[in-house]
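Scroll down for the structure; my scribbles are underneath it.
Every read-out reported here was derived from the displayed coordinates using simple, explicitly stated rules and does not represent laboratory data. These numbers come from a predicted model, not from an experiment. So basically every Cβ, Gly included, is an ideal-geometry build from the backbone, and we count neighbours across all protein chains shown.
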Amino acid sequence: MKKEEMVGVYPFMRVALREYFHRGTSIESFLDSNEANLKQSVEQLSRIMNGEEITFSTDPEDRVVDYIITKIVLTYIRDYFISARYAIKERNALYENLKRENDPKTLKLVSQELNVDVEKQGENYLIPISPFLKNAVVFNDRELKLCNQVLKDGNVVASQNVLAKILREAFYRKYMQEVNEVVEFPQEVDKMLKPWVGGIISKGQEIRQERANLGPLNERSFPPCLAEIIDQMKKGANVSHAGRFFLVTFLHRIGLPNDEILKYFGKVPDFAEKITKYQIEHITGSGRGREYSVPSCQTLGSLGLCYKERDPLCASGKVSHPLGFYRTRNLGNRSVSKGSSVDGVDNPRNPKK
Ligand code: SF4
């Protein structure tokens, strides 16, 4: 693959950055000469914050410039919640491209860029165990479990799809670390960006404010009714439609993006990603249509989904809504689930005002 094509598909490659930031090119002059892309990046971020779908530019040059500018904007805003929403979109696009990538050299270069050293072996790729484990943290993904891997000389013998999943996570971690680092922007850049980012920051604050009342994301504070559904799903049992509906509304309400909610469905016997994705989008509203509310304890009880006898708080009769249970438990136990890739979602760094 030619360099220009490669950076259009994988815009995070350092070689792309070098192309645009020659010696003497400042962030200010870069932004100044690409104002249309700045506008486009800000619009994309606003759409993401409103739960709308976005598509990345198919023009290689625009794709790279949009990517760089969005990264500058997110580093400037430095808000974990906002950058996580964008990083998930990039991560998913990367996965789709890596699955289809038919040039092993490009796959190797992308892997190196993401600090995962791979070697091609026949149809497969050898991934050292350490980066494999570090990035195989996706909830409920059977394909990534170490017990399902073939090991050889300290490496995992991975299919291209497994490699794509590992690189997808490696990208996400690296990106989130980079955009959340403290960077002092020159005053001119500050002046330039401030008028563009106000709307995005306010939307982030609005969503956070709404969720702050529920405390940080914490699976250990889930009510017994929800824990039972998750447990059933993990065992591969067929959970009722009402149970799935409850799960989606609840996880959405406490701040999980749709892609994270989808991971809870990985083990259900009739799992079909496309259909499940569609159902999740429908239930959560996703920018259009109705956003369904979380059912009350009374409704869950009438559906046979209440397990109040399993917890003294529920058994006391003082809980009338699963979110009430979550809020009560969570605010008394503020630790965040380590397994979640959106942990910290309610604890972003303070964006620049
Ligand atoms: S009382 Fe409410 S929160 Fe508790 S298990 Fe029943 S439905 Fe869930």
For the range 218-331, what's the radius of gyration and Dmax over Cα atoms, in angstrom?
-> 13.7, 41
What net charge do the residues around residue 159 carry, taking every other residue with its C-beta under 9 Å from that of residue 159, with Lys and Arg at +1 and Asp and Glu at -1?
-> -2
Expected sort for 144-150, 104-110 on mean C-beta neighbours within 10 Å, highest first, is 104-110, 144-150
Based solely on its DSSP helices, what 222 nm [θ] is calculated for the chain when runs of n ≥ 4 H residues each add -39,500 (n - 2.57) and the sum is averaged over all residues, nearest 500 deg cm²/dmol?
-> -17500 deg cm²/dmol
Could you give the angle, 0 to 90 degrees to the nearest 10, between helix 224-234's Cα long axis and the longest principal axis of the Cα atoms of the chain?
-> 60
Where the only charges are on Cβ atoms (+1 Lys, Arg; -1 Asp, Glu), what is the dipole of the chain about its Cα centre, to the nearest 20 debye?
-> 1040
What nm distance separates the two modelled labels at residue 313 and residue 43, each placed 7 Å from Cα along Cα→Cβ?
-> 4.5
In whole µm²/s, the translational diffusion coefficient that Stokes-Einstein assigns to the chain, given a Kirkwood hydrodynamic radius over C-alpha pairs, 20 °C and 1.002 mPa s, equals 97
Rank-order 179-192, 53-66, 74-87, 237-250 by packing density, defined as the average count of other C-beta atoms within 10 Å over each peptide's residues, highest first.
-> 74-87, 237-250, 53-66, 179-192
Likely footprinting exposure, 47, 142, fewest C-beta neighbours within 10 Å first | 142, 47
For the range 96-108, what does the Karplus curve 6.51 cos²θ - 1.76 cosθ + 1.60, with θ = phi - 60°, yield as ³J(HN,Hα) per residue in whole Hz, taken in order and with x for Gly and Pro?
-> 4, 5, 5, 4, 8, 4, 10, 10, x, 5, 5, 4, 5
HN-Hα J in Hz across the range 162-170 - Karplus 6.51, -1.76, 1.60, θ = phi - 60°, x for Gly and Pro = 5, 4, 4, 5, 5, 5, 4, 6, 4
How big is the charge dipole of the range 166-233 about its Cα centre, in debye rounded to the nearest 20, if each Lys and Arg gets +1 on its Cβ and each Asp and Glu gets -1 on its Cβ?
-> 120
